[in-house]
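A short write-up of the structure that comes next.
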Amino acid sequence: MPRKRITSVVTRGGDKGQTSLADGSRISKCDPRIHTIGAVDELNSFTGALIAELAQDSPYREMLGRLQQELFDLGAHLATLAATPAPDHQWLEDAVTMLNSSLPPLTEFVIPGGTRQAAGAHICRTVCRRAERHCWEVADAGQPARYLNRLSDLLFVLARVLNSGVEPQWRGLQ
């Protein structure tokens, strides 16, 4: 059966506070699942903005492009009530280990900022954390929430890498 294509952007279907899931069922736009899908979509948009900030030859463009596709897949997983698979988080753990191996150990908390790219990675990380919090309110949250948890770790380490050579801003416990 051929896929339905979007032929009209203005549908008026959401004018009364409801939206459709992939199976056609209608739910409230205030439902935790829709909050989660929205936060994942927002994270995908900020990831696109981060990619736009990177140099064309940046070694991180490909990784972030993969993340964008996987975030799209994660949204599909949520919108289909888990009828489509959630992305696997193992490669995120491997990427964290690899990137973190080139960094000095943390001794204090990092204040987000530094380069525009690192600041963008920190924004992605905080949006990712929000998506994860929303995800835990959804019945089938386990695998998607683990993915988002590992992704926020990766974004934190990536921000540190993108700040390499920049004097970090630290804040110790007082």
Equivalent ellipsoid semi-axes for the stretch 83-174, as square roots of 5 times the alpha carbon gyration tensor eigenvalues: give them largest first, rounded to whole Å.
27, 15, 11
Volume per residue, Å³, of the convex hull around the alpha-carbon atoms of the chain?
157 Å³
Nearest 10 degrees, 0 to 90: helix 61-79 Cα axis against the chain principal axis
30 degrees
Convex hull volume of the stretch 99-138 per residue (C-alpha atoms, cubic angstrom)
109 Å³
Carbon and sulfur %, accessible surface of the stretch 1-156 computed with the full protein complex present, 1.4 Å:
55 percent
GNM, the chain, Cα, under 10 Å: largest mean-square fluctuation among 83, 95, 119?
83
Mind grabbing the base-10 log of I(q)/I(0) for the stretch 60-116 at q = 0.12, 0.17 Å⁻¹? Debye formula, identical points on the C-alpha positions, no solvent, two decimal places.
-0.46, -0.78
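The values are calculated or read from the model by the stated rules, or taken from the named source; none is laboratory data. From a predicted model like this one, the values you see are computed outputs, not experimental measurements. These accessible areas exclude ligands, DNA and RNA; they are computed on the full protein's heavy atoms, side chains included. Shrake-Rupley method; radii C 1.70, N 1.55, O 1.52, S 1.80 Å.
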